[in-house]
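Visitor: Here's a structure for you.
The values are calculated or read from the model by the stated rules, or taken from the named source; none is laboratory data. Worth saying up front: this structure is predicted, and the values here are computed from it rather than measured. Cβ sites come from the backbone with ideal geometry, for glycine too, and all protein chains shown count toward neighbours. The area values use the complete protein model at the heavy-atom level, side chains included, leaving out ligands, DNA and RNA. Shrake-Rupley method; radii C 1.70, N 1.55, O 1.52, S 1.80 Å.
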Amino acid sequence: MSTWGPGLFSSDSAQDFLEELAELDPAARPAELSKIFRELLDDPGSLMRTVFPETVVAAAALVAASLPGGQDLLDDEAFAAALPEPARHLAADALRALTVATSPDGHWATSWVSPADRDEALAEVAGVAAILGSGAGWWRDAVVYQIYPRSFADADGDGVGDLAGITERLGYVAGLGAGAIWLTPFQRSPQADHGYDVSDYTDVDPLFGELADFDALVARAHELGLKVVIDIVPNHCSDQHPLFQAALAAGPGSPERARFHFADAPNNWPSVFGGPAWTQVPDGQWYLHLYAPEQPDWNWRDPRTAPFFDDVLRFWFDRGVDGLRIDVAYGLFKAPGLPDLAPDQIPEPMRLRGNTLASDREEVHEVYRRWRVIADSYDPPRTLIGEVNLPPDRASRFVRPGELDQVFAFAFVAAPWDADVWCEVGADLLTHARTTSPVTWVVENHDVVRRPTRYGSAARARAALLTILGLPGAAYLYQGQELGLPEVDVSPEARQDPAWIRSGVSRDGCRVPLPWTADPSGTYGFSPVGAAPPWLPVPDHWGPLSVEAQESDPESTLALTRAALRLRHLLPAADTVDWSVTEDRLLLARRTSGFTLAVAMGDTAVPLPAGEVVLASGPLPGDGTLPPDTAAWLRHA
C-alpha cells in the first residue's frame, strides 16, 4: 500500500474529469466509462494513458464500481498492460478498495490492506463518490458526523479539543464512510455556553486555534471527500459581543439597545435553562435572554439584524464552508410587544417550543428565504440545515421551496424504546417528507443522554444505530456514537454546563472527551502525553471502548458502523417505506427497493421476516429468529 496516498484523485485533470461525469445522468455513466476504458485498451497513443495517469486511475476505479463484472478487471492482463507506471499499481489499489467497499458482506480483504491503511483507502473511495455527488443535493442522503470540538481531539495539549486535532483525525471520519462533518461552534466566545455565546461571528476562538487552522481543516476535509457544515447562532450572541456592550453603554431608548430586547419591566417568560429569561442592568432596564444571562437575544425586527447576518453567511461560504446548521432556527422572532404567557402555557426548562410567543413565528420564514438567495448564489449552492425542534407538521414548513434544505427530526431523539412509538414516529416523519425534504434520522447529539444509557443497554443502542442508517434520507451520527459510548456520570463539582446551575439539567455526560487509545496516557489519546488534564474528567473504563481497542474487534460497535455505512451506499437514496409492528413487537420497515429493516423491540426472540440477512446489530442464533433488542437488514427479491 506504499503507493496509496491522499492525492490519488486530487489532480486537476482527474478532478475535471470526475466533475464532467457528475454532469451526466447517473444511468449514462457506466456506458460513458466503458467507452473511456475501451479507449485505454485499444489506443496505445491515447493522451489519457500517457499524459493523465491520475485520470486513468479515476476512470478505471469508477468503471469497476459502476459496471456489472467490474471486479473482473482486477485480473485482466490487457488492463494491466494498458496502464503506465505508476498508475498501474495505483489503479489496482483503487479497484480493490472499491471492490471491497461495495461488496455485499462488507468485510475487508486483509491480505492486501492493513488496518493502518484502511481509513485512508476508504477516504479515497469516499472522495470519488463525493465528487460525483458534489452538486446540489448531496445532503439528501448523506451521513453527517457531528464533531463537538472541545471533546474530539486535543492537538496542543491544553486539555481542550481544537481545530488542529480535528484535522489530524479527519481520516478516521472519512474511513467510517461519512460524507460530511458538522462542527459545533468554534467562533470567538467567552465559553459561557461552550461556544453558543458568540462574541465574534467571523473569527476562531483562540481556544480552538485561528482562521488558518480552520482553512487547513476545510482543505483536508475536501481532500478526503468530506463536506463541511458549521454552526451559526442567530437567535442570540454573547453578552461580550461589541454590539451588546455598546448597547449597555448607550442607555435606555438608544439605537444601540434597539438591536436587542430591552424593557423597563420584564414579562413572565422563563429561560430554557431555567429561571427567568430577563436580567436587570444597572440603569434599571432589563434584557431578554431565552437561554443563559450571558446570551442576550437579537432583535430580529430591527432592520440592521438581517444584513449583519447576511455578511456572516457570506464570510463562511467564501471560506469554502459547504453548509450551515442553524441553531434555534425556529426562534429569532418574538411576538410584538413581548406579552406575558398565559399561566398554563409556561413551558418546562429545555423546551423552547413550549413558548409559542418566542418560537415558530411566521416572520422567521422570510429570513430563510433571504438566506436561500445567498446560498444559491454560490456554485455549487450552499446547504442550509435548521435546528427546528417542532412537530413534523410544523417543522416541514421550514423546508418549503425557497427556504431551508433540511431540518433536524427530533422525534426519534425523544422516543422511548417502544415499537409502536417508533412505527408512528417513522411513518409520520416520512409522510411529511414526501413533498418537502428527506428525513434526517438522528438519535444522539451533544444535548441529550447517550443511547446506551437512555435505552438501558448497549444492545438497544446498536439496534438504534442500525435503524437510523437503514432508512432513506440523511443520518446524523454524534461523535462516539460509533463506539457505543455510554453517558458519563460527571461529578457535580466537575460539571460545566450552564443549564446545570440554573435548572439541574446537565449535558456534560455526553460531552466527555473521546477515547482514541486503550492506554490511558494523554487521556486515552485525546491529548498528547503529558498534556493538561481534560476539560471534563473521563471515566476509568474508557480504554476498552476506545477506537484502538475496537479496531481489532470484528464484533465491536465501530466495526458495525463501518459495515453499515459501506452497505448503506448501495441503497437507493429515494425510497418509500411501509411500516408495521407485529404482535410480538417486531418493528418492520419495508423499503420498495427490496430491503427490509427489522427491529426486535419486545422481550423475546421473534421469527425473522423473509429475506437474506446482510447485517445484524448482534449475533443471530441461526434458528431463523431475531433476538430481543437486535436489528437486522434483510435483502429480498
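Visitor: Under 5 Å between amide hydrogens, which residues at least 5 positions from residue 231 or on another chain qualify, with H placed 1.01 Å from N in the peptide plane?
Guide: Under 5 Å from the amide H of residue 231: 183, 325.
Visitor: In nm, to one decimal, how far is the modelled label at residue 318 from the one at residue 540, with both set 7 Å along Cα→Cβ?
Guide: Between residue 318 and residue 540, the label points sit 5.4 nm apart.
Visitor: What does the C-alpha gyration tensor say about the overall shape of segment 243-286? Classify as rounded when a/c is under 1.5, otherwise prolate if a/b is larger than b/c, or oblate.
Guide: It is prolate, given that a/c is not under 1.5 and a/b is the larger ratio.
Visitor: How far apart, in nm, are the 7 Å Cα→Cβ label points at residue 489 and residue 603?
Guide: Taking the two extended label points, one gets 2.6 nm.
Visitor: Amide H to amide H, which residues 5 or more places from residue 606 or on other chains are under 5 Å from it, using H placed in the peptide plane?
Guide: 626
Visitor: Less than 13 Å Cβ to Cβ from residue 138, Lys/Arg counted +1 and Asp/Glu -1: what total charge do the surrounding residues give?
Guide: Taking every Cβ under 13 Å from that of residue 138, the sum is 0.
Visitor: Ignoring ligands, DNA and RNA, what percent of the 1.4 Å accessible area of segment 243-286 is carbon and sulfur?
Guide: 59
Visitor: Mind ordering 481-489, 375-383 by average Cβ neighbours within 10 Å, highest first?
Guide: 481-489, 375-383
Visitor: Short version: ³J(HN,Hα) in whole Hz for each residue of segment 462-470, in order, from phi by Karplus 6.51 cos²θ - 1.76 cosθ + 1.60 (θ = phi - 60°), x for Gly and Pro, what are they?
Guide: Computed from phi, the couplings for segment 462-470 are 5, 5, 5, 4, 5, 5, 5, 7, x Hz.
Visitor: Sequence-distant or interchain residues sharing an amide H contact under 5 Å with residue 290, placed H: which?
Guide: For residue 290, whose amide H was placed from the backbone, the distant partners under 5 Å are 297.
Visitor: Can you work out the FRET efficiency for the pair residue 636 and residue 446, with r the C-beta to C-beta distance and R0 = 45 Å, to the nearest 0.05?
Guide: Rounded to the nearest 0.05, the efficiency is 0.75.
Visitor: Let's see if you can work this out: charge +1 on each Lys and Arg Cβ, -1 on each Asp and Glu Cβ, no other charges. What is the dipole magnitude of segment 577-635 about its Cα centre, in debye to the nearest 20?
Guide: The calculation lands at about 260 debye.
Visitor: Taking the dipole about the Cα centre of segment 411-532, with the C-beta of Lys and Arg at +1 and of Asp and Glu at -1, give me whichever of 422, 505, 455 is farthest to the positive side.
Guide: 422
Visitor: Rounded, prolate or oblate, given the Cα gyration tensor of segment 282-421, with a/c below 1.5 counting as rounded?
Guide: oblate
Visitor: Would you please state which residues of segment 603-636 a label at residue 457 would reach in this model, taking the label point 7 Å out along Cα→Cβ and a backbone N cut-off of under 17 Å?
Guide: 603-608, 616-622, 625-632
Visitor: Once you sort the root eigenvalues of the Cα gyration tensor of segment 577-635 as a ≥ b ≥ c, which label holds: rounded (a/c under 1.5), prolate (a/b larger than b/c) or oblate (the other case)?
Guide: oblate
Visitor: How big is the convex hull of the Cα atoms of segment 208-253, per residue, in Å³?
Guide: 101
Visitor: Then there's this: Give, in nm to one decimal, the length gained when the segment between residue 203 and residue 548 is fully stretched (0.36 nm per residue of separation minus the Cα-Cα distance).
Guide: 120.8 nm
Visitor: How do 220, 370 rank by accessible surface area computed with a 1.4 Å probe, from largest to smallest?
Guide: 370, 220
Visitor: Same structure again: For segment 199-331, with equal point scatterers placed on the C-alpha atoms only and solvent neglected, what are the log10 I(q)/I(0) values from the Debye formula at q = 0.19, 0.20, 0.23 1/Å, to two decimals?
Guide: For segment 199-331 at q = 0.19, 0.20, 0.23 Å⁻¹, log10 I(q)/I(0) is -1.10, -1.17, -1.40.
Visitor: Using the Cβ atoms and a cut-off under 10 Å, what net charge is assigned to the surroundings of residue 461, where Lys and Arg are +1 and Asp and Glu are -1?
Guide: Overall, the nearby charge balance is +3.
Visitor: Which value, in Å² rounded to 10, gives the accessible area of residue 222 with a 1.4 Å probe and all protein chains present?
Guide: For residue 222, the solvent-accessible surface is approximately 80 Å².
Visitor: Could you give the nm distance between label points at residue 348 and residue 219, where each point is 7 Å from its Cα heading toward the beta carbon?
Guide: Placing both labels 7 Å along Cα→Cβ, they lie 5.0 nm apart.
Visitor: Which net charge results when you count Lys and Arg as +1 and Asp and Glu as -1 among the other residues whose beta-carbon is under 15 Å from that of residue 368?
Guide: Computed value for this residue: -1.
Visitor: What percentage of the solvent-accessible surface of segment 529-637, computed with a 1.4 Å probe over protein heavy atoms, is contributed by carbon and sulfur atoms?
Guide: Carbon with sulfur: 57 percent of the solvent-accessible area.
Visitor: How large is ³J(HN,Hα) for each residue in segment 238-250, as worked out from phi by the Karplus curve 6.51 cos²θ - 1.76 cosθ + 1.60 (θ = phi - 60°), to whole Hz, x for Gly and Pro?
Guide: 3J(HN,Hα) across segment 238-250, in whole Hz: 8, 5, 9, 4, x, 6, 6, 4, 5, 5, 4, 6, 6.
Visitor: Going by average Cβ neighbours within 10 Å, how do the peptides 599-609, 307-317 rank, with the highest at the top?
Guide: Ranking, from highest mean packing down: 599-609, 307-317.
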